[in-house]
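The values are calculated or read from the model by the stated rules, or taken from the named source; none is laboratory data. Remember, predicted model here, so these are calculated numbers, not experimental data. Cβ sites come from the backbone with ideal geometry, for glycine too, and all protein chains shown count toward neighbours.
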């Protein structure tokens, strides 16, 4: 895939201008098999800009909708964050790695004999490597 920014232990894949996959692997091995989230990996070319060794960051990725800052090392709140462009609000325009985001919940196997509210466990979104919900939540 051409929309990738790679280092020895990280890989960022720009799936669309609004959708990003972030991966960190201490041994430099990354997962390329089909996932439940992304089955078709034939994405079109995305316009983006990459800055390396700029402003104390190892890499920055800029699309029309977000600006990713990565200092290097394991992903953490102080090493990776994303600013959402266009300041949709005065708050919450910056997401730090590890911050939870609102979640619609997971699914239930069946609704048979259900009467009333069914508690849902958190869905996949907060634990996904992609972490794109934050970006999509603000933009869509």
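Here are a few things to note about the model shown:
- Considering residues of the range 25-37 that are in contact (Cβ under 8 Å) with a residue 24 or more places away in the chain and within 17 Å of the chain's Cα centre (by Cα) only, the residue farthest from residue 73 (Cα to Cα): 36
- Hits in the range 2-24 - residues which are over 23 Å from residue 85 (Cβ atoms) and loosely packed, with under 13 Cβ neighbours inside 10 Å: 8
- Residue ID - surrounded by the fewest Cβ atoms within 10 Å (Cβ to Cβ), chosen from residues in the range 38-54 that are under 22 Å from residue 79 (Cα atoms) and in contact (Cβ under 8 Å) with a residue 12 or more places away in the chain: 49
- Screening the range 88-99 for residues that are surrounded by 10 or more Cβ atoms within 10 Å (Cβ to Cβ) and either over 17 Å from the mean Cα position of the chain (by Cα) or over 20 Å from residue 18 (Cβ atoms) (or both) and picking the one that is modelled with the lowest pLDDT gives 88.
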